[in-house]
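One structure is given below, encoded as structure tokens.
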Amino acid sequence: GWDPTDTHTTADNFWQELYSGSGTSIDTGVAGITAKKYLWIQIYLNGLTSATTMKAVLNGDIGANYALRRSQDGAADETFVNNSLGLYYHGGTSSEDELFVNMFIINNLANEKLAMSNSVFSTAAGAGTSPNREEVVNKWSNTSSQITDIELTGTYGSNSIMKIWGSN
């Protein structure tokens, strides 16, 4: 919770930046990030030049250990269980231009990792086309380790960015 009397005069704010990366290949690497109980991931992808299928792979796990439910623009939910789509999955189209994601994860060691995310993406420039929205809830079934490595797969532009924040 927020404490209105806190003046934030120390570096002990709730969120601490754990990672900031950019480019056409974003991966925190095997050394990874510091394990934290809560994670906040911000992803901005641009230059989506092909039918981009972007996913966030955790700790190198490409097995069928993920489950997710998503809805785009309020449409009926899509459900994916026992899949290898990663913690966040976005199946794009060739007409997309940009994608922005805010994701929050509970990253307890002995529990499945639960996440929720909201994203917005555009399919055409200008005021004549509204952006699209996507809501995703998902989990990673790993109960033996915390998330310390996140890799974004897919085809995206050099101005793409991922930032990871964490807290205990």
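One table, with the values for the structure above:
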item: Check on Ser145, in contact (Cβ under 8 Å) with a residue 12 or more places away in the chain and either farther than 24 Å from Asn13 by Cβ or among the basic types (Lys, Arg) (or both); result: yes
item: Members of region 49-87 found to be over 13 Å from the mean Cα position of the chain (by Cα) and open to solvent by less than 10 Å² (accessible area, probe 1.4 Å), listed by number; result: Thr52, Tyr66
item: Any strands (runs of 3 or more DSSP E) falling wholly within region 77-168 and containing at least 3 residues that are at pLDDT 80 or above; result: 78-83, 98-106, 113-122, 132-140, 150-153, 161-167
item: Of all residues in region 24-35 being open to solvent by less than 30 Å² (accessible area, probe 1.4 Å) and either without any contact (Cβ under 8 Å) to a residue 24 or more places away in the chain or in contact with a strand residue (DSSP E or B) (Cβ under 7 Å, 6 or more places away or on another chain) (or both), the one that is nearest to Leu152 (Cα to Cα); result: Ile26
item: So Thr148, is it of a type in the set (Ser, Thr, Tyr), open to solvent by 20 Å² or more (accessible area, probe 1.4 Å) and within 21 Å of Met162 (Cα to Cα); result: yes
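The values are calculated or read from the model by the stated rules, or taken from the named source; none is laboratory data. Since the model is a prediction, treat every value here as computed from it, not as a measurement. Using ideal geometry, Cβ is built from the backbone for each residue, glycine included, and neighbour counts are taken over all protein chains shown. These area figures cover heavy atoms from the full protein model, side chains too; ligands, DNA and RNA do not enter into them. Shrake-Rupley method; radii C 1.70, N 1.55, O 1.52, S 1.80 Å.
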